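Asks: Mind looking over this structure? Questions follow.
The values are calculated or read from the model by the stated rules, or taken from the named source; none is laboratory data. Just so you know, these numbers come straight off a predicted model, no measurement behind them. Positions of Cβ are backbone-derived with ideal geometry, glycine not excepted, and every protein chain shown enters the neighbour counts. Remember, those area values only see protein heavy atoms, side chains included, never the ligands or the DNA or RNA. Shrake-Rupley method; radii C 1.70, N 1.55, O 1.52, S 1.80 Å.
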Amino acid sequence: MTDPKRPMVLVTGGAGYIGSHTCKILRQRGRDIIILDDLRIGHRAAALGAPLIQANLIDREKVQEVFEKYQPSAVVHFAAYAYVGESVTDPEKYYFNNVMGTLNLLAEMRRAEVDHLVFSSTCATYGTPDEVPIPESHPQRPINPYGRTKLMVEQMLHDFDHAYGLRSISLRYFNAAGSDPEGEIGEDHQPETHLLPLLCQVALGQREQIDIYGSDYDTPDGTCVRDYIHVNDLAEAHVLALEALERGAGSNAYNLGTGRGQSVREAIEAARHVTGHAIPARECPRRPGDPPALVAGAARARDELGWTPKYQSLESILETAWSWHRAHPSGYDEEGES
Ligand code: UDP
(Lines give C-alpha, C1' and ligand atoms only; values in the text may rest on other atoms or scores of the structure.)
Protein backbone atom coordinates (compact mmCIF):
# COMPACT_ATOMS: atom_id res chain seq x y z
CA MET A 1 0.00 0.00 0.00
CA THR A 2 1.13 3.54 -0.64
CA ASP A 3 1.27 6.07 2.14
CA PRO A 4 -0.83 9.15 1.23
CA LYS A 5 1.45 11.42 3.25
CA ARG A 6 4.66 10.37 1.46
CA PRO A 7 5.52 12.22 -1.75
CA MET A 8 5.03 10.13 -4.85
CA VAL A 9 7.16 9.96 -7.93
CA LEU A 10 5.18 9.84 -11.16
CA VAL A 11 6.98 7.63 -13.70
CA THR A 12 5.71 7.94 -17.27
CA GLY A 13 6.58 4.92 -19.39
CA GLY A 14 7.37 2.98 -16.22
CA ALA A 15 6.34 -0.33 -17.82
CA GLY A 16 8.92 0.01 -20.61
CA TYR A 17 12.44 -1.35 -20.69
CA ILE A 18 14.46 1.39 -18.94
CA GLY A 19 11.40 2.69 -17.05
CA SER A 20 10.66 -0.66 -15.42
CA HIS A 21 14.25 -1.13 -14.26
CA THR A 22 14.22 2.39 -12.80
CA CYS A 23 10.88 1.77 -11.04
CA LYS A 24 12.26 -1.38 -9.45
CA ILE A 25 15.26 0.52 -8.05
CA LEU A 26 13.13 3.49 -6.91
CA ARG A 27 10.92 1.09 -4.95
CA GLN A 28 13.94 -0.70 -3.49
CA ARG A 29 15.01 2.74 -2.19
CA GLY A 30 11.66 3.11 -0.44
CA ARG A 31 10.12 5.56 -2.92
CA ASP A 32 6.39 5.43 -3.64
CA ILE A 33 5.71 5.49 -7.35
CA ILE A 34 2.78 5.76 -9.68
CA ILE A 35 3.26 4.57 -13.25
CA LEU A 36 1.52 6.17 -16.21
CA ASP A 37 1.90 3.96 -19.28
CA ASP A 38 -0.39 3.23 -22.23
CA LEU A 39 1.08 -0.31 -22.50
CA ARG A 40 1.46 -0.02 -26.27
CA ILE A 41 5.17 -0.72 -25.84
CA GLY A 42 5.39 -1.40 -22.13
CA HIS A 43 4.32 -4.63 -20.42
CA ARG A 44 2.04 -4.83 -17.41
CA ALA A 45 4.20 -7.60 -15.98
CA ALA A 46 7.21 -5.26 -16.07
CA ALA A 47 5.52 -2.98 -13.50
CA LEU A 48 5.99 -5.74 -10.89
CA GLY A 49 2.68 -4.89 -9.25
CA ALA A 50 3.33 -1.16 -8.83
CA PRO A 51 0.23 1.03 -9.23
CA LEU A 52 -0.25 1.68 -12.94
CA ILE A 53 -2.64 4.00 -14.75
CA GLN A 54 -3.07 2.89 -18.34
CA ALA A 55 -3.18 6.12 -20.32
CA ASN A 56 -1.30 8.14 -22.92
CA LEU A 57 0.10 11.60 -22.17
CA ILE A 58 -1.91 12.92 -25.10
CA ASP A 59 -5.00 12.41 -22.91
CA ARG A 60 -4.66 15.69 -21.05
CA GLU A 61 -7.72 15.17 -18.82
CA LYS A 62 -6.37 11.85 -17.64
CA VAL A 63 -2.97 13.38 -16.93
CA GLN A 64 -4.64 16.14 -14.91
CA GLU A 65 -6.62 13.54 -13.00
CA VAL A 66 -3.44 11.64 -12.12
CA PHE A 67 -1.78 14.82 -10.74
CA GLU A 68 -4.89 15.65 -8.70
CA LYS A 69 -5.34 12.16 -7.32
CA TYR A 70 -1.73 11.18 -6.54
CA GLN A 71 -0.13 14.60 -6.00
CA PRO A 72 3.34 13.54 -7.10
CA SER A 73 6.27 15.67 -5.95
CA ALA A 74 8.42 14.82 -8.98
CA VAL A 75 8.25 13.20 -12.40
CA VAL A 76 10.59 10.77 -14.15
CA HIS A 77 9.62 10.89 -17.81
CA PHE A 78 10.35 7.91 -20.08
CA ALA A 79 7.15 7.62 -22.14
CA ALA A 80 8.13 7.99 -25.81
CA TYR A 81 8.41 6.11 -29.08
CA ALA A 82 12.01 5.21 -29.78
CA TYR A 83 12.44 3.45 -33.12
CA VAL A 84 14.72 5.55 -35.31
CA GLY A 85 13.63 3.87 -38.58
CA GLU A 86 9.93 4.25 -37.80
CA SER A 87 10.46 7.91 -36.89
CA VAL A 88 11.73 8.46 -40.45
CA THR A 89 8.75 6.75 -42.11
CA ASP A 90 6.09 8.05 -39.68
CA PRO A 91 7.33 11.32 -38.16
CA GLU A 92 3.81 12.50 -37.29
CA LYS A 93 3.52 9.66 -34.77
CA TYR A 94 6.78 10.74 -33.14
CA TYR A 95 6.18 14.50 -33.00
CA PHE A 96 2.62 13.95 -31.76
CA ASN A 97 3.47 11.45 -29.05
CA ASN A 98 6.94 12.51 -27.93
CA VAL A 99 6.58 16.30 -28.23
CA MET A 100 2.86 16.99 -27.74
CA GLY A 101 2.59 14.34 -25.03
CA THR A 102 5.48 15.94 -23.15
CA LEU A 103 3.96 19.40 -23.54
CA ASN A 104 0.76 18.12 -21.90
CA LEU A 105 2.82 16.63 -19.09
CA LEU A 106 4.74 19.87 -18.52
CA ALA A 107 1.55 21.94 -18.61
CA GLU A 108 -0.03 19.70 -15.98
CA MET A 109 3.15 19.83 -13.90
CA ARG A 110 2.87 23.61 -13.93
CA ARG A 111 -0.77 23.52 -12.97
CA ALA A 112 0.01 21.12 -10.11
CA GLU A 113 3.12 23.10 -9.12
CA VAL A 114 5.40 20.09 -9.49
CA ASP A 115 8.74 21.60 -10.27
CA HIS A 116 11.22 18.85 -10.98
CA LEU A 117 11.58 16.28 -13.67
CA VAL A 118 14.14 13.73 -14.84
CA PHE A 119 13.98 13.30 -18.62
CA SER A 120 14.95 10.30 -20.70
CA SER A 121 17.03 11.80 -23.51
CA THR A 122 19.50 10.22 -25.89
CA CYS A 123 22.87 10.46 -27.58
CA ALA A 124 20.82 10.54 -30.81
CA THR A 125 20.43 14.28 -30.12
CA TYR A 126 24.12 14.71 -31.10
CA GLY A 127 23.72 13.24 -34.60
CA THR A 128 27.05 12.35 -36.21
CA PRO A 129 29.63 13.65 -33.76
CA ASP A 130 32.67 15.79 -34.61
CA GLU A 131 34.64 14.22 -31.76
CA VAL A 132 34.54 10.99 -29.76
CA PRO A 133 34.15 10.65 -26.77
CA ILE A 134 31.29 13.13 -27.02
CA PRO A 135 31.12 15.81 -24.30
CA GLU A 136 27.74 17.26 -23.26
CA SER A 137 28.85 20.58 -24.76
CA HIS A 138 29.00 18.99 -28.24
CA PRO A 139 26.55 20.64 -30.70
CA GLN A 140 23.22 18.81 -30.89
CA ARG A 141 22.38 18.14 -34.54
CA PRO A 142 20.10 15.09 -34.64
CA ILE A 143 19.89 13.29 -37.98
CA ASN A 144 16.46 11.68 -37.60
CA PRO A 145 12.99 12.68 -36.32
CA TYR A 146 13.36 10.56 -33.16
CA GLY A 147 16.48 12.50 -32.13
CA ARG A 148 14.77 15.77 -33.05
CA THR A 149 11.77 15.02 -30.81
CA LYS A 150 14.13 14.41 -27.88
CA LEU A 151 16.09 17.58 -28.60
CA MET A 152 12.84 19.57 -28.83
CA VAL A 153 11.88 18.34 -25.39
CA GLU A 154 15.30 19.30 -24.00
CA GLN A 155 14.74 22.77 -25.44
CA MET A 156 11.22 22.95 -23.99
CA LEU A 157 12.65 22.02 -20.61
CA HIS A 158 15.24 24.77 -20.86
CA ASP A 159 12.51 27.31 -21.60
CA PHE A 160 10.19 26.00 -18.87
CA ASP A 161 12.97 26.42 -16.33
CA HIS A 162 13.73 29.94 -17.52
CA ALA A 163 10.10 31.04 -17.52
CA TYR A 164 8.48 28.98 -14.75
CA GLY A 165 11.31 27.60 -12.61
CA LEU A 166 10.64 23.97 -13.54
CA ARG A 167 14.02 22.31 -12.90
CA SER A 168 14.97 19.26 -14.90
CA ILE A 169 17.83 16.89 -15.61
CA SER A 170 18.08 15.39 -19.09
CA LEU A 171 19.90 12.07 -19.21
CA ARG A 172 21.38 11.32 -22.63
CA TYR A 173 21.67 7.55 -22.84
CA PHE A 174 24.14 5.80 -25.04
CA ASN A 175 23.27 2.12 -25.83
CA ALA A 176 21.06 0.73 -23.07
CA ALA A 177 21.59 -3.01 -22.66
CA GLY A 178 21.30 -5.94 -20.26
CA SER A 179 18.61 -6.72 -17.74
CA ASP A 180 17.73 -6.97 -14.07
CA PRO A 181 20.36 -9.29 -12.53
CA GLU A 182 17.60 -10.82 -10.37
CA GLY A 183 15.85 -11.90 -13.57
CA GLU A 184 12.43 -10.38 -12.78
CA ILE A 185 12.36 -7.96 -15.72
CA GLY A 186 14.25 -7.61 -18.99
CA GLU A 187 14.26 -6.34 -22.53
CA ASP A 188 11.28 -7.25 -24.74
CA HIS A 189 10.79 -5.07 -27.81
CA GLN A 190 8.37 -5.96 -30.61
CA PRO A 191 9.92 -5.86 -33.15
CA GLU A 192 13.44 -6.29 -31.79
CA THR A 193 16.06 -4.22 -33.63
CA HIS A 194 18.84 -3.90 -31.06
CA LEU A 195 22.12 -5.73 -31.42
CA LEU A 196 22.47 -7.41 -28.02
CA PRO A 197 18.97 -8.96 -27.79
CA LEU A 198 19.29 -10.06 -31.43
CA LEU A 199 22.57 -11.80 -30.57
CA CYS A 200 20.74 -13.63 -27.75
CA GLN A 201 18.00 -14.65 -30.20
CA VAL A 202 20.61 -16.10 -32.58
CA ALA A 203 22.17 -17.99 -29.66
CA LEU A 204 18.71 -19.37 -28.79
CA GLY A 205 18.27 -20.58 -32.38
CA GLN A 206 15.41 -18.12 -33.02
CA ARG A 207 17.38 -16.47 -35.83
CA GLU A 208 19.87 -18.04 -38.19
CA GLN A 209 22.56 -15.39 -37.98
CA ILE A 210 23.35 -11.83 -37.05
CA ASP A 211 23.64 -9.28 -39.83
CA ILE A 212 26.59 -6.91 -39.47
CA TYR A 213 25.36 -3.57 -40.75
CA GLY A 214 28.45 -2.20 -42.46
CA SER A 215 32.06 -3.41 -42.31
CA ASP A 216 33.67 -0.50 -44.17
CA TYR A 217 33.41 2.21 -41.53
CA ASP A 218 36.45 4.24 -40.55
CA THR A 219 36.77 2.37 -37.24
CA PRO A 220 39.47 -0.09 -36.03
CA ASP A 221 37.71 -3.20 -37.41
CA GLY A 222 35.40 -1.50 -39.93
CA THR A 223 32.20 -2.01 -37.90
CA CYS A 224 30.28 0.57 -35.85
CA VAL A 225 31.45 1.38 -32.35
CA ARG A 226 28.91 1.94 -29.54
CA ASP A 227 29.04 2.56 -25.80
CA TYR A 228 26.88 -0.16 -24.18
CA ILE A 229 25.61 0.77 -20.73
CA HIS A 230 23.76 -1.54 -18.36
CA VAL A 231 20.09 -0.68 -17.82
CA ASN A 232 20.52 -0.83 -14.02
CA ASP A 233 23.36 1.68 -14.22
CA LEU A 234 20.99 3.93 -16.18
CA ALA A 235 18.31 3.34 -13.55
CA GLU A 236 20.74 4.31 -10.80
CA ALA A 237 21.53 7.58 -12.59
CA HIS A 238 17.82 8.48 -12.59
CA VAL A 239 17.67 8.03 -8.83
CA LEU A 240 20.79 10.18 -8.38
CA ALA A 241 19.38 12.86 -10.71
CA LEU A 242 16.09 12.91 -8.81
CA GLU A 243 17.93 13.24 -5.50
CA ALA A 244 20.06 16.06 -6.91
CA LEU A 245 16.95 17.97 -8.00
CA GLU A 246 15.38 17.39 -4.60
CA ARG A 247 18.48 18.91 -2.99
CA GLY A 248 18.00 21.99 -5.16
CA ALA A 249 20.34 21.27 -8.10
CA GLY A 250 19.81 23.39 -11.19
CA SER A 251 18.75 22.07 -14.58
CA ASN A 252 21.41 20.16 -16.46
CA ALA A 253 22.11 17.43 -18.99
CA TYR A 254 24.33 14.38 -18.52
CA ASN A 255 25.68 11.72 -20.83
CA LEU A 256 25.19 8.20 -19.52
CA GLY A 257 27.71 5.73 -20.89
CA THR A 258 30.81 3.90 -19.72
CA GLY A 259 33.12 6.05 -21.85
CA ARG A 260 34.35 2.91 -23.66
CA GLY A 261 33.34 1.86 -27.14
CA GLN A 262 32.87 -1.63 -28.53
CA SER A 263 32.54 -2.62 -32.17
CA VAL A 264 29.82 -4.84 -33.61
CA ARG A 265 32.44 -7.56 -34.19
CA GLU A 266 33.58 -7.29 -30.57
CA ALA A 267 29.96 -7.57 -29.41
CA ILE A 268 29.51 -10.73 -31.50
CA GLU A 269 32.71 -12.24 -30.04
CA ALA A 270 31.56 -11.37 -26.52
CA ALA A 271 28.17 -12.99 -27.17
CA ARG A 272 29.87 -16.17 -28.47
CA HIS A 273 31.93 -16.26 -25.30
CA VAL A 274 29.04 -15.61 -22.90
CA THR A 275 26.46 -17.90 -24.53
CA GLY A 276 28.77 -20.67 -25.67
CA HIS A 277 27.03 -20.66 -29.06
CA ALA A 278 28.67 -20.19 -32.45
CA ILE A 279 26.51 -17.17 -33.54
CA PRO A 280 26.98 -17.11 -37.32
CA ALA A 281 27.41 -13.60 -38.72
CA ARG A 282 27.23 -12.17 -42.22
CA GLU A 283 28.41 -8.84 -43.52
CA CYS A 284 25.63 -6.64 -44.89
CA PRO A 285 25.35 -3.08 -46.20
CA ARG A 286 25.32 -0.18 -43.76
CA ARG A 287 22.04 0.68 -42.02
CA PRO A 288 21.05 4.22 -43.00
CA GLY A 289 21.52 6.79 -40.25
CA ASP A 290 24.13 4.90 -38.19
CA PRO A 291 27.04 7.15 -37.13
CA PRO A 292 30.38 5.23 -37.18
CA ALA A 293 31.17 5.73 -33.48
CA LEU A 294 29.20 6.94 -30.45
CA VAL A 295 31.05 6.94 -27.16
CA ALA A 296 30.12 9.00 -24.11
CA GLY A 297 32.29 11.57 -22.49
CA ALA A 298 31.09 10.38 -19.10
CA ALA A 299 32.95 12.61 -16.64
CA ARG A 300 30.15 15.09 -15.86
CA ALA A 301 27.74 12.48 -14.45
CA ARG A 302 30.56 11.00 -12.39
CA ASP A 303 31.78 14.34 -11.04
CA GLU A 304 28.43 16.03 -10.43
CA LEU A 305 25.99 13.19 -9.73
CA GLY A 306 28.49 10.78 -8.18
CA TRP A 307 27.46 8.14 -10.74
CA THR A 308 29.76 5.19 -11.42
CA PRO A 309 28.54 2.45 -13.73
CA LYS A 310 28.91 -0.92 -12.02
CA TYR A 311 28.92 -2.99 -15.21
CA GLN A 312 32.23 -2.12 -16.80
CA SER A 313 32.53 -4.92 -19.36
CA LEU A 314 30.31 -5.89 -22.28
CA GLU A 315 30.54 -9.53 -21.11
CA SER A 316 29.04 -8.67 -17.72
CA ILE A 317 26.19 -6.79 -19.43
CA LEU A 318 25.62 -9.65 -21.88
CA GLU A 319 25.49 -12.20 -19.06
CA THR A 320 22.41 -10.48 -17.60
CA ALA A 321 20.80 -10.14 -21.05
CA TRP A 322 21.50 -13.78 -21.85
CA SER A 323 20.02 -15.08 -18.61
CA TRP A 324 16.80 -13.08 -19.21
CA HIS A 325 16.44 -14.24 -22.82
CA ARG A 326 17.17 -17.86 -21.92
CA ALA A 327 14.51 -17.79 -19.18
CA HIS A 328 11.99 -15.82 -21.32
CA PRO A 329 12.53 -16.91 -24.93
CA SER A 330 9.23 -15.29 -25.97
CA GLY A 331 9.58 -12.25 -23.71
CA TYR A 332 6.81 -11.26 -21.32
CA ASP A 333 4.15 -13.00 -23.46
CA GLU A 334 5.08 -16.29 -21.86
CA GLU A 335 3.56 -15.15 -18.60
CA GLY A 336 0.11 -14.92 -20.16
CA GLU A 337 0.06 -11.15 -20.36
CA SER A 338 -3.06 -9.83 -22.03
N1 UDP B 1 23.65 -3.62 -35.61
C2 UDP B 1 24.05 -4.63 -36.47
N3 UDP B 1 23.16 -5.63 -36.72
C4 UDP B 1 21.92 -5.69 -36.17
C5 UDP B 1 21.52 -4.66 -35.28
C6 UDP B 1 22.42 -3.63 -35.03
O7 UDP B 1 25.16 -4.63 -37.00
O8 UDP B 1 21.17 -6.64 -36.47
C9 UDP B 1 24.60 -2.53 -35.30
C10 UDP B 1 24.07 -1.15 -35.63
O11 UDP B 1 24.42 -0.80 -36.95
C12 UDP B 1 24.80 -0.30 -34.60
C13 UDP B 1 25.02 -1.24 -33.42
O14 UDP B 1 24.82 -2.56 -33.92
O15 UDP B 1 26.06 0.09 -35.07
C16 UDP B 1 24.01 -1.01 -32.30
O17 UDP B 1 22.72 -0.96 -32.87
P18 UDP B 1 21.43 -0.93 -31.99
O19 UDP B 1 20.26 -0.99 -32.94
O20 UDP B 1 21.51 -1.96 -30.94
O21 UDP B 1 21.48 0.48 -31.26
P22 UDP B 1 21.65 1.98 -31.85
O23 UDP B 1 23.13 2.26 -31.86
O24 UDP B 1 21.00 2.04 -33.18
O25 UDP B 1 20.93 2.80 -30.81
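Asks: In Å and whole numbers, how far do the C-alpha atoms of segment 51-126 stretch along each principal axis, longest first?
Replies: Rounded to whole Å, the extents work out to 38, 23, 22 Å.
Asks: With only Lys, Arg, Asp and Glu charged, each at its Cβ (+1 for the first two, -1 for the last two), find how big the charge dipole of segment 122-242 is about the Cα centre; round to the nearest 20 debye. Numbers along the way, then the final one.
Replies: Values: 7 positive and 20 negative charges, 92 e Å.
My answer is approximately 440 debye.
Asks: Additional query: Give me Rg/Rg_expected for segment 209-338, where Rg uses Cα atoms only and Rg_expected = 2.2 N^0.38 Å with N residues.
Replies: Working: Rg = 17.6 Å, N = 130, 2.2 N^0.38 = 14.0 Å.
Computed over Cα atoms of segment 209-338, the ratio equals 1.26.
Asks: Now for a separate question. What is the P(r) of segment 137-256, as percent of Cα-Cα pairs per 5 Å bin from 0?
Replies: Computed distribution, short to long bins: 2, 8, 13, 16, 19, 15, 12, 8, 4, 2, 0.
Asks: Normalised by the number of residues in segment 158-263, what is the relative contact order in percent for Cα pairs under 8 Å and 6+ residues apart?
Replies: On the way: 118 pairs, mean separation 44.4, N = 106.
42 percent.
Asks: So, by mean Cβ neighbours within 10 angstrom, what's the order for 118-126, 154-162 with the highest one leading?
Replies: Result, highest mean first: 118-126, 154-162.
Asks: Please report Rg over Rh for segment 30-69, where both radii come from the alpha carbon positions and Rh follows the Kirkwood definition.
Replies: Expressed as Rg/Rh, it is 0.98.
Asks: Calculate the all-directions average of the projected area of the chain's alpha-carbon convex hull, and give it in nm².
Replies: If you wrap the Cα atoms of the chain in a convex hull and average its projections, you get 16.1 nm².
Asks: How much of the accessible area of the chain, in percent, comes from carbon and sulfur atoms when a 1.4 Å probe is used?
Replies: Here it works out to 49 percent.
Asks: Step through the residues of segment 284-294 one at a time and calculate ³J(HN,Hα) from phi using the Karplus curve (6.51 cos²θ - 1.76 cosθ + 1.60, θ = phi - 60°), rounding each to whole Hz and writing x for Gly and Pro.
Replies: 10, x, 4, 8, x, x, 8, x, x, 9, 10
Asks: Near the amide H of Ile185, under 5 Å away, which other amide H atoms are found, from residues 5 or more places off or on another chain, if H is placed in the peptide plane?
Replies: Under 5 Å from the amide H of Ile185: Asp180.
Asks: Normalised by the number of residues in the chain, what is the relative contact order in percent for Cα pairs under 8 Å and 6+ residues apart?
Replies: Reported as a whole number, the value is 19 percent.
Asks: Let me ask something additional. To the nearest 20 Debye, how big is the dipole of segment 88-173 about its Cα centre, given +1 on the beta carbon of each Lys and Arg and -1 on that of each Asp and Glu?
Replies: Once rounded to the nearest 20, the dipole reads 140 debye.
Asks: Segment 23-162: D in µm²/s via Stokes-Einstein (Kirkwood Rh, Cα pairs, 37 °C, 0.692 mPa s)?
Replies: Estimated via Stokes-Einstein, D reaches 202 µm²/s.
Asks: For the chain, what is the accessible area per residue in Å² when the probe is 1.4 Å? Walk me through the numbers on the way to the answer.
Replies: Details: 14680 Å² over 338 residues.
Computed with neighbouring chains in place, this is 43 Å² per residue.
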